[in-house]
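The values are calculated or read from the model by the stated rules, or taken from the named source; none is laboratory data. Please read these numbers as outputs of a predicted model, since none were measured by experiment. As a convention, Cβ positions derive from the backbone with ideal geometry for all residues, glycine included, and neighbour counts pool all protein chains shown. Only protein heavy atoms, including side chains, enter the accessible area calculation; ligands, DNA and RNA are left aside. Shrake-Rupley method; radii C 1.70, N 1.55, O 1.52, S 1.80 Å.
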Amino acid sequence: MASRQHGGWVLGLLVGSLVGVAPGCDPEETPPTFVWQPLHANLNGALLSVWGNTERDVYVVGADTRDGRGPWALHYDGRAWQRLSTGLASGDLWWVYGPTPEVVFMVGSGGTILRHTPRTGSFETMPTPGTETLFGVWGAAANDVWAVGGNISGTGRTSAVLWHYDGRAWENRALPAGFPEQLALFKVWGSGASDVWAVGENGVTLHYDGAAWSVVPVPATARGRLFTVAGRGAERYAVGGFASGVILEGSGATGWTQSPLDAVSRLNGVFVPERGSPLAVGANGTVLQRRAGAWREVARPPRTQLDFHSVWVDPTGQVWAVGGQINATPMSDGMLWHFGARLPELPIQGMTDNRPCVEQSGVICTYAGSGIGGFNGDGRPIRESHLYWPIDMAFGPGDLPVLLDWNNHSVRRITAQGTFETIMGGISPGDGPEDLSDLSEPGAPGPTVALNHPTDLFFERDGRLLVVAWHNHKLRRWDPMTGRVFVPMGRGAGFRGDDGPMAMALLKQPSHAERDAQGNLYILDQGNLRLRRVDPMGTVTTVAGDGMRGFAGDGGPALMARFNLQIGENPEPEGGLAVGPDGRVYITDTGNHRIRVYDPAARTIDTFAGTGMFGYGGDDGPARMATFNSPQDIEFGPDGRLYVADTNNHRVRAIDLTSGVITTVVGNGQRGFSGDHGPAREARLWRPYGVAFDARGNLYVSDSFNQRVRRVWR
């Protein structure tokens with residue numbers, strides 16, 4: 001068989017691979033093996049559009065990455081993926097298109113239109129007539145470009161956007177008579193300057209003939225949203241739908257006909273290459289191909305249940321498709337798939353802000369985590385390593401930092417070289433080694449011990465690390481001298497063992513543990529709604545909580561108290577524990593939006609902070625009058641104050657035990673990511689779960705949903 005880098009032979013092989021046939025090959029020849037390959041996955045924001053000039057000149061844009069550097073804008077030059085610096089600090093980019101190789105337009109939320117000049121690498125944010133979201137852009141030339149959008153129904157005042165750029169300025173163009181202005185437009189495409197099509201809500205389609213726009217009716221059965229339009233010459237297609245997919249076909253200046261489809265998911269994107277079959281993509285990893293006059297699912301689909309949003313076929317016939325969690329808020333789990341000859345899976349360059357952090361009191365910087373949820377291996381610099389909901393940290397002898405990577409089901413140590421090393425668990429959930437050797441001393445090697453969502457850890461006085469293995473219903477102890485792990489408590493979910501040895505006791509989703517100065521080990525047994533204590537002799541007792549969910553007991557016997565913590569088979573981990581300098585035990589009662597305190601001498605319980613109403617208020621006043629929103633981890637700082645991860649307020653707050661006054665120390669309350677290299681109180685956090693301190697007194701915040709740990713200099 002002949003082979004060329006561009007043109008019909010490669011495209012023919014690609015089409016054959018998609019449908020399970022390899023046309024044009026002699027029987028004795030083996031065609032190349034083309035595969036669906038996820039080049040990038042689990043990115044912070046969904047990817048929304050892919051387009052390029054060649055297979056070595058590919059652009060991808062997408063949702064806000066929530067890292068303070070705005071939406072995704074990526075470029076691939078055949079050698080590397082590069083994150084582009086757009087100058088945007090927030091917002092989404094919905095579509096990318098270049099009418100010539102010398103200029104590329106990107107459009108998105110807030111009426112944003114970027115003009116990128118590849119030769120210089122520069123971006124210009126262009127003045128526009130409004131602030132409505134732009135979903136599509138297309139141009140016949142650099143000075144003849146259309147952008148469409150609007151506010152989607154149900155999001156406030158609705159209005160369609162139809163703008164044109166003539167090389168001098170963007171101007172609003174009048175919608176045709178009979179067009180309902182409240183319907184947003186989603187995409188625009190044309191075969192030339194005098195043949196342009198736009199599609200949008202309620203099955204609306206518009207046509208521009210070079211002089212005026214007109215409404216083109218669609219079949220009554222295709223009144224759902226139309227998300228994308230594309231074509232080749234006179235041939236054109238529009239796709240959309242709600243629960244199920246819709247495809248319209250048209251030719252020339254005629255109207256539309258609806259293509260018969262088997263039951264398929266909603267369709268979001270369509271592309272027609274210069275040669276070869278049209279492709280459509282949509283929800284649940286759907287990929288359709290038009291062949292033999294009909295649309296059919298490809299024989300070899302990619303293995304994903306996420307939604308595709310856009311598809312593009314390069315001149316060699318290789319397919320590029322992007323998507324993620326499109327219907328989530330915020331849009332997340334960005335993915336980029338490729339179908340063709342296997343490409344090297346290259347990291348995205350320009351992802352990490354490598355500026356050194358100024359060691360100035362109150363300044364916040366990212367300490368660990370790339371901001372991308374997932375796992376990209378050990379041995380990388382900690383700021384280039386993916387984490388998946390980091391939830392807590394601890395510092396051992398010699399200030400050894402250890403991190404709980406909650407959704408990677410692992411405990412990871414930071415080495416002297418500034419890289420991660422997994423010392424317990426792995427990216428897949430489990431419960432110990434297969435031979436159960438961690439149930440008897442000296443235990444099992446740490447990397448062989450699988451975990452299921454560990455939630456807390458601290459170093460004992462002897463230098464060993466105690467890990468609360470939440471969904472394993474166990475406590476696990478790691479010895480840094482041997483690297484072995486032993487289970488001192490827990491043998492499956494349940495409640496038993498009070499007044500007996502800890503080895504015989506059962507726990508249910510214990511979330512936190514802490515020791516006091518006398519050697520008592522306190523365990524917040526979340527699933528059993530109790531605070532339990534193991535004395536220095538190893539005997540277990542319940543000291544607070546009656547096992548019922550609610551709020552009760554303040555000012556009275558702690559055994560009559562009730563906590564409001566999530567229970568069931570798959571709750572969120574909740575609660576926190578800290579032992580104060582006076583020996584009292586402070587408990588985060590997450591669902592009651594309070595911090596409560598247990599007095600071991602009097603065996604009573606009371607509220608220390610919080611009114612019980614959720615919200616944010618009370619700063620610079622008495623902590624008892626403050627409002628929290630699902631507080632989690634608590635920790636005493638070197639200044640004697642109690643630090644609280646006020647998780648759903650996206651803040652860390654501190655309470656002075658002497659005066660009882662509460663203040664915010666990290667976070668401005670706005671969900672997101674920003675503020676590195678600036679004052680910690682002006683930074684954005686996203687559901688911080690954990691707080692910890694190193695030997696120097698620096699504060700570490702597990703900024704869980706930002707997939708980072710951030711450090712605030714003391």
Next item on the list: Could you compute the FRET efficiency for residue 549 and residue 572, with r as their C-beta to C-beta distance and R0 at 25 Å, rounded to 0.05?
Entry: 0.95
Margin query: Looking only at the chain, where both bridge partners belong to it, what percent of the DSSP beta bridges are antiparallel (to the nearest 5)?
Written below: 95 percent
Checklist line | Evaluated over the range 652-714, the Cα radius of gyration and Dmax, each in Å | finding: 11.7, 35
Check: Taking 0.36 nm per intervening residue step and subtracting the Cα-Cα distance, what contour gain separates residue 159 from residue 602 on full extension?
Finding: 153.0 nm
Checklist line | Computed log₁₀ I(q)/I(0) - Debye formula, equal Cα scatterers, no solvent, the range 362-430, q 0.19, 0.25 Å⁻¹ | finding: -0.69, -1.18
Checklist line | Heavy-atom accessible surface of the range 415-542: percent carbon and sulfur, 1.4 Å | finding: 53 percent
Notebook entry, point to check: Given the C-alpha centroids of the range 424-480 and the range 500-560, what is the distance between them in whole angstrom?
Noted result: 20 Å
Margin query: Rg and Dmax in Å for the range 54-130, alpha carbons only: what are they?
Written below: 11.9, 38
Check: Taking the Cα centre of the chain as the origin and placing charges on Cβ (Lys, Arg +1; Asp, Glu -1), which of 544, 161, 607 is farthest toward the positive end of the dipole?
Finding: 161
Note to self: Between residue 257 and residue 663, what is the label-point separation in nm under the 7 Å Cα-to-beta-carbon projection?
What the structure shows: 7.4 nm
Next item on the list: Find how many whole Å separate the alpha carbon centroid of the range 35-102 from the alpha carbon centroid of the range 312-356.
Entry: 7 Å
Notebook entry, point to check: What share of Cα pairs, in percent, lie more than 21 angstrom apart in the range 454-539?
Noted result: 21 percent
Notebook entry, point to check: Going out from 0 in 20 Å bins, what whole percent of all Cα-Cα distances in the chain drops into each bin?
Noted result: 17, 41, 30, 11, 0
Notebook entry, point to check: With +1 on each Lys and Arg Cβ and -1 on each Asp and Glu Cβ, how big is the dipole of the range 197-253 about its Cα centre, in debye rounded to the nearest 20?
Noted result: 100 debye
Margin query: In Å², and per residue, what accessible area does the chain have when probed at 1.4 Å with the other protein chains present?
Written below: 38 Å²
Next item on the list: Quickly rank 380-388, 66-74 as a protection proxy: mean count of other C-beta atoms within 10 Å, highest first.
Entry: 66-74, 380-388
Notebook entry, point to check: Can you give the percent of C-alpha pairs in the range 463-609 whose distance is more than 24 Å?
Noted result: 26 percent
Next item on the list: Report the GluC sites (Glu not before Pro) located in the range 416-498 that are in a DSSP loop and have at most 12 other Cβ atoms inside 10 Å of their Cβ, or state none.
Entry: 434
Margin query: Taking all protein chains in place and a 1.4 Å probe, what share, in percent, of the accessible surface of the range 128-225 do carbon and sulfur account for?
Written below: 47 percent
Item checked: chymotrypsin sites (Phe, Trp or Tyr not before Pro) within the range 145-248, DSSP loop, no more than 10 other Cβ atoms inside 10 Å -> 242
Checklist line | Carbon plus sulfur fraction of accessible area for the range 599-714, probe 1.4 Å, in percent | finding: 47 percent
Notebook entry, point to check: Over the range 219-322, what lengths in whole Å, largest first, do the semi-axes of the equivalent ellipsoid take, defined as the square roots of 5 times the eigenvalues of the alpha-carbon gyration tensor?
Noted result: 19, 18, 11
Check: Angle between the Cα long axis of helix 8-19 and the longest principal axis of the chain, 0 to 90 degrees, nearest 10?
Finding: 50 degrees
Next item on the list: Could you calculate the contour length gain from residue 242 to residue 345, that is, 0.36 nm times the residue separation minus the distance between their Cα atoms, to one decimal place in nm?
Entry: 33.7 nm
